[in-house]
Each structure stands twice: as structure tokens, then as C-alpha cells.
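Heads up: the structure comes next, in C-alpha cells.
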Amino acid sequence: MRLVASRDDIMIEITPQVLLKAYSCGIFPMAESARDPALYWIEPQHRGILPLDRVHVPRRLKRTIKSTAFDVRVDTDFDGVIEGCAASRPGRRSTWINSRIRLLYRDLFELGHCHTIEVWDADRMVGGLYGVALGGAFFGESMFSLERDVSKIALVHLAGRLIAGGFVLLDTQFVTDHLRQFGTIEVGRGEFQIRLEEALKVPADFHQMPDDAGPAEILAQIENLNRED
């Protein structure tokens, strides 16, 4: 990773507008911990991306998505999603989501640049994710899961929605085993910048697909694009 600003600089200067500019340059903020009020700009040497024309949905997960009783919602509970992403879990005692992150991304949510995919079991949110949309690029920030497969369900719904909306870049920041199974790859900083510059020129619409789109429509978007490729 590469730190590109000091703690004090960020504490003074960071605003939602500065945050969007940073994303357009391939930089994003993180905190050392939830208790640390400062933020750092991060610019990884290597970047994870999920090519939207090569999204792989494992067969078992596809069956789960088609048969699940979970309800997938869009942009209905930002606070619930970020709270879920920030919560401690077994094996994860701390989080990088501090109070400043919560406030900044809430501002972006209200400006229409931050979006959530939420998985609900009746009136209980059991998983979800959030990220930032800018032009034809979507920057995935964090996800959480309280039940088996729900973060995977959220990711597949995100991918289908991005394809339908004309997005061309899904930035995952880093590559994990969880993301690799969907086709996530790692690219160098230079290649990422080229892809990002092109994506920012593309007009895209996160809500092009109806917010209540079902599993069949989501999977069809992914399968149709893969078939065309």
C-alpha cells in the first residue's frame, strides 16, 4: 500500500467532494481502527477488480439465489449496512470503519453516490454491502454476513445491477479468496488507472434496473453479458 497524506491533512481537508475526487484518482480512505478519529488515503500497488464481463457465479450459489427466501433491497438502510460492516465478528475484533467514515459515506449516500445492497430475512437485515458509484465505476467498500451465503448473494445482485446500469469497472480494492471465486483478478496500479480513466467517461445508472428486481433478472444480466463475451 501507499499512504499519500498525513493524518492531520486528512482530518482538516476531507469532505464528500474531496472524497469523490480521491476516488476519481484511484485513492480511498481507511482508518487504523474504529477508535482512531484519523483517516489515511490508501493507494494500493496492486488492485482487485471483478471484470463484469467475466463474473462467475458458482453453481451451488446460483441454486441458492434462485430458491432463497431472503429479500434483497437497494438503498433502504444505509446506517444498518455500515453498522453491520463495522461490527465485531468472531475472528475479527476490530474494524477500520470509524465515526468519520460513517459520516462521510452517509453524506455520499445522501448525494446519490453511495449505494447499498441489503439482504433481509423478514424484518432483520442479515447481510449486505456498500460502495461508491462514480461515472461507470463502482468502488466496493465493505460487506458483511450474518447467515451463510448472504454476502455472496449481495455481491451477485450488485454485479447484475451494475451490468444493467452500464457500469464497466467494479473495484474490489483487494483480492480475497471470497472474491476470487467470482472471478476477481489483481492488476497493477498503472493498469487500474487506465481502466478507471475510461470508466469515469461512461454514463451509468445504478437504478436502471428496478430496485425490486428478482434473482432471475439479476442472473440473466450476468449470463447474457458473459454469453456475448
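The values are calculated or read from the model by the stated rules, or taken from the named source; none is laboratory data. Not measured: the values here are computed from a predicted model. Every residue, glycine as well, gets a Cβ built from its backbone with ideal geometry; the counts of neighbours run over all protein chains shown. With ligands, DNA and RNA removed, areas are computed over all heavy atoms of the protein, side chains included. Shrake-Rupley method; radii C 1.70, N 1.55, O 1.52, S 1.80 Å.
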Legend entry - For the stretch 101-229, convex hull volume per residue from C-alpha positions, Å³: 130
Inset, instruction - Considering Cα pairs under 8 angstrom that are at least six residues apart, work out the relative contact order of the stretch 119-229 and quote it in whole percent. - result: 30
Legend entry - Dipole of the chain, positive end: most advanced residue of Gln208, Ala164, Val55 [Cβ charges, Cα centre]: Val55
Inset, instruction - Just need the relative contact order of the chain here, percent rounded to a whole number, with Cα pairs under 8 Å and 6+ apart. - result: 26
Inset, instruction - With a cut-off of at most 12 other beta carbons within 10 Å, and DSSP calling the residue loop, which GluC sites (Glu not before Pro) in the stretch 94-184 qualify? Please list them. - result: none
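Out of the DSSP beta bridges found with both residues in the stretch 62-220, what percent are antiparallel (nearest 5)?
Working: 21 of 24 bridges.
Antiparallel bridges make up about 90 percent of those DSSP assigns within the stretch 62-220.
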Legend entry - Cα Rg, Dmax (largest Cα-Cα span) when computed across the chain, Å: 16.8, 50
Inset, instruction - Would you rank Trp96, Trp120 by solvent-accessible area, highest first, keeping every protein chain in place and using a 1.4 Å probe? - result: Trp96, Trp120
Legend entry - Placed amide H near Leu39: partners under 5 Å, 5+ positions off or other chain: Met11
Inset, instruction - Over the stretch 16-88, consider all pairs of different Cα atoms and compute the Kirkwood hydrodynamic radius from their mean reciprocal separation; express it in Å, one decimal. - result: 16.3
Inset, instruction - Highest first, please rank the peptides 65-76, 164-175 by the mean number of other Cβ atoms sitting within 10 Å of their residues. - result: 164-175, 65-76
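When the helix-only estimate is applied to the chain (DSSP H runs of n ≥ 4, each -39,500 (n - 2.57), divided by the residue count), what is the mean residue ellipticity at 222 nm, nearest 500 deg cm²/dmol? Intermediate results must be reported in sequence, preceding the final value.
Numbers: 9 runs with 92 residues, N = 229.
-12000 deg cm²/dmol, from helical runs alone.
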Legend entry - Probe 1.4 Å, accessible area per residue of the stretch 148-200, Å²: 38
Legend entry - Separation between Cα centres of the stretch 31-67 and the stretch 180-229, rounded to whole Å: 13
Legend entry - Gain in span if fully extended, Ala122 to Val187, counting 0.36 nm per residue against the direct Cα distance: 19.5 nm
Legend entry - Amide proton proximity set for Glu141, modelled H, under 5 Å, gap of 5+: Tyr130, Gly131, Val132
Inset, instruction - With springs only between Cα atoms under 10 Å apart, run a GNM on the chain and tell me which of Leu146, Leu129, Leu52 wobbles the most. - result: Leu146
Legend entry - Charge dipole magnitude, Cβ of K and R +1, D and E -1 - the chain, Cα centre, debye nearest 20: 780
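In whole percent, how big is the carbon plus sulfur part of the accessible area of the stretch 19-77, probe 1.4 Å, protein atoms only? Intermediate results must be reported in sequence, preceding the final value.
On the way: 1380 of 2820 Å².
Roughly 49 percent of what the probe reaches on the stretch 19-77 is carbon or sulfur.
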